[in-house]
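Enquirer: Below are the C-alpha cells for one structure; questions will follow.
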Amino acid sequence: MQDVKDRLAREVAKDCKTVEDVHNTLKDLFRRTLQEILETEMSDHLGYEKHSVEGNNSGNSRNGYSRKTIQTRMGETELAIPRDRNGEFEPHIIKKYEKNASELEQQIIAMYAKGMSTRDIEAHMRDIYGIDVSAELVSKITDKVMPLVTEWQCRPLERIYPIVFLDAIHFKVRKDNRIVTKAAYSVLGLDVQGRKDILGIWIGESETASFWLSVCNDLKNRGVEDILIASKDGLTGFSEAINSVFPRTSIQLCVIHQIRNSMKYISFKDRKPVMADLKQVYQAATLDEAEFAFEMFKEKWGKKFPLVIRSWENNWLELTTYFAFPREIRRLIYTTNTVEAYHRQLRKITKTKTAFPTDDALRKIVYLATMEITKKWTMPVQNWAECISQFAIQYGDRLS
C-alpha cells in the first residue's frame, strides 16, 4: 500500500507547479475515489459488475445516476450517485440524505465545543478548506447533539456518592427580544473510587425548595441511593430538599462563600482584623475550639457587625459539619472549590459568548464543553485513599 501511495505521489508531482495545483489535483482524485467506491457498492448490491452478462434477467439493474454535492474537507465535491431500478440501493460511504462528510461534522462540533462561535467556524472552514459553511448550517450540525444531551442528563448513576458538590454558574440568554440571566445549576459527584463526574446540569430553573426537590428526586430515580456529604454554597431550599430525599446526608455549607458574604458588611479598615479572628473559628482543630473562638468573635465584633454574627449563628450547624472529619476530608468539603474549578473551565470555553440565542443553544455548549473538560477526569482526587478509609470507618454499613 505504501508503494502505491509513493507512486501516486510521484505522478501527482509531475503535473503540479503550485500548492493550488496540488490541492486541485487531490480534490479531483478524492472525487474519483469516492465515485469508484460508490460504483463498487452498487456492484456489491446487485451482485455483478457493471456491463456483466450476469445481470441479464437478474431482477434488478443499474438505472443511471443522480447528482449530489457534498461538503468535505477538500471543499465542495459533486458526485454521481448510482441508482438501481428497484430503488433499493443505499450507499454507505455517503448516506442517502447526507450532504456533509461525517468527519467534517465532527470537526465542526469539536470547534463549537472549544468555544468558537458559529461565525468563527464559518470563517475558519472557508479560510482553511475553502468550504462555504453558513452559520445556520453550523447550528443545524450542532443541533444533532441535542439527543445526546437528553441521553446524558438521563443516564444511570452510581448507587453511592461519598461527596457531591453543588453550585451555579450564570449566563446571558435572549428571551422575548431581551437579555435575561439564567443559571446553570451543577451537581458534581465523587464516586467511591474518588473520581469526579458531573451528575447533571439544570438550566433556568428558579432556585426554590421545590426545584431542588425535583433535582434530588431526579438523582434518586437515576439510581443514586445514598449521598454521604453534600457541599453547597448558599443555595436556597437545598437543605430541605436533600433532607427529604436523602435524610442521612450531612450538609456542609461552603465556608469561603460565608466569609465572602460576611465581608460585604464589614468596612475596609476592619476587614484584616475581622479575618484574623474568623480564621481562629474555621481553622480550629476541633468543634469545641471553633465554638469557643466564635464566642470570642461575637464578644469582640457583635455590636459593630450584628448582621455578620446573625448569619454565622443561623448557618452554624451546616458551617461546622466538616469538624467531624479528619484533615483530608475537611479540605475537600469545607468549600465548593471542586465544582467552582469546573465552572472556571466552563467559563473559559464560553467567554466569547456574550448571550445565547436560546436555552437549547446554552445546553449544547455546556454539554459539549463538559464532555471536553471531563475527558481529563481519569484519576482520583488527591489523598482519596485516606479519605475513603475514613469513610469506611464512619459509614461502613452505608458503603457496603
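The values are calculated or read from the model by the stated rules, or taken from the named source; none is laboratory data. All values reported here derive from a predicted model rather than from experimental measurement. Here the Cβ is made from the backbone with ideal geometry for all residues, glycine too, and neighbour counts use every protein chain on show. Just the protein is used for accessible areas: all its heavy atoms, side chains included, with ligands, DNA and RNA removed. Shrake-Rupley method; radii C 1.70, N 1.55, O 1.52, S 1.80 Å.
Enquirer: Is the stretch 257-277 home to any residue that is touching an Asp or Glu at 6+ places or on another chain (Cβ under 6 Å) and under 30 Å from GLY189 (Cβ atoms)? Quick ask: steps written out before the conclusion?
Expert: Restricting attention to the stretch 257-277, the residues satisfying the condition of being touching an Asp or Glu at 6+ places or on another chain (Cβ under 6 Å) are 257.
Applying the additional criterion that residues be under 30 Å from GLY189 (Cβ atoms) yields 257.
Within the stretch 257-277, one or more residues are touching an Asp or Glu at 6+ places or on another chain (Cβ under 6 Å) and under 30 Å from GLY189 (Cβ atoms).
Enquirer: For the condition within 17 Å of the chain's Cα centre (by Cα) and without any contact (Cβ under 8 Å) to a residue 40 or more places away in the chain, what is the one hit in THR181, THR150, THR208, THR142?
Expert: Matching residue, one of THR181, THR150, THR208, THR142: THR150.
Enquirer: From ARG331, ARG327, grab the single residue that is within 39 Å of the chain's Cα centre (by Cα) and more than 27 Å from ILE169 (Cβ to Cβ). Can you show your working first?
Expert: On the way: ARG331 fails: more than 27 Å from ILE169 (Cβ to Cβ).
Checking each option against the conditions leaves just ARG327.
Enquirer: Test of understanding: among ALA355, ALA369, which residue is touching a strand residue (DSSP E or B) at 6+ places or on another chain (Cβ under 6 Å) and closer than 30 Å to LYS175 by Cβ?
Expert: ALA355
Enquirer: ARG330 versus (1) surrounded by fewer than 15 Cβ atoms within 10 Å (Cβ to Cβ); (2) touching a helix residue (DSSP H, G or I) at 6+ places or on another chain (Cβ under 6 Å); (3) of a type outside the set (A, V, I, L, M): which is the lone unmet condition?
Expert: (1)
Enquirer: Can I ask one more? Report the residue count in the stretch 255-305 for those that are closer than 25 Å to GLU328 by Cβ, free of Cβ contacts under 8 Å to residues at least 60 places away in the same chain and surrounded by 14 or more Cβ atoms within 10 Å (Cβ to Cβ).
Expert: Residues flagged as closer than 25 Å to GLU328 by Cβ, free of Cβ contacts under 8 Å to residues at least 60 places away in the same chain and surrounded by 14 or more Cβ atoms within 10 Å (Cβ to Cβ) within the stretch 255-305 amount to 12.
Enquirer: Which residue out of ARG344, ARG331 is of a type in the set (Lys, Arg), closer than 13 Å to VAL255 by Cβ and assigned to a helix (DSSP H, G or I)? Don't jump to the end; show me each part of the working.
Expert: Numbers: ARG344 fails: closer than 13 Å to VAL255 by Cβ.
It is ARG331.
Enquirer: Mind checking whether some residue in the stretch 209-226 is open to solvent by 10 Å² or more (accessible area, probe 1.4 Å) and under 21 Å from GLN258 (Cα atoms)?
Expert: yes
Enquirer: Quick check on the stretch 154-176. Is at least one of its residues out of contact with any Lys or Arg (no Cβ under 9 Å at 6 or more places or on another chain), free of Cβ contacts under 8 Å to residues at least 60 places away in the same chain and either over 23 Å from SER231 (Cβ atoms) or open to solvent by less than 10 Å² (accessible area, probe 1.4 Å) (or both)?
Expert: Yes: one or more hits.
Enquirer: Specify the residue that is farthest from GLN153 (Cα to Cα); the eligible residues are those in the stretch 357-393 that are of a type outside the set (Val, Ile, Thr), without any contact (Cβ under 8 Å) to a residue 40 or more places away in the chain and open to solvent by 70 Å² or more (accessible area, probe 1.4 Å).
Expert: Result: GLN382.
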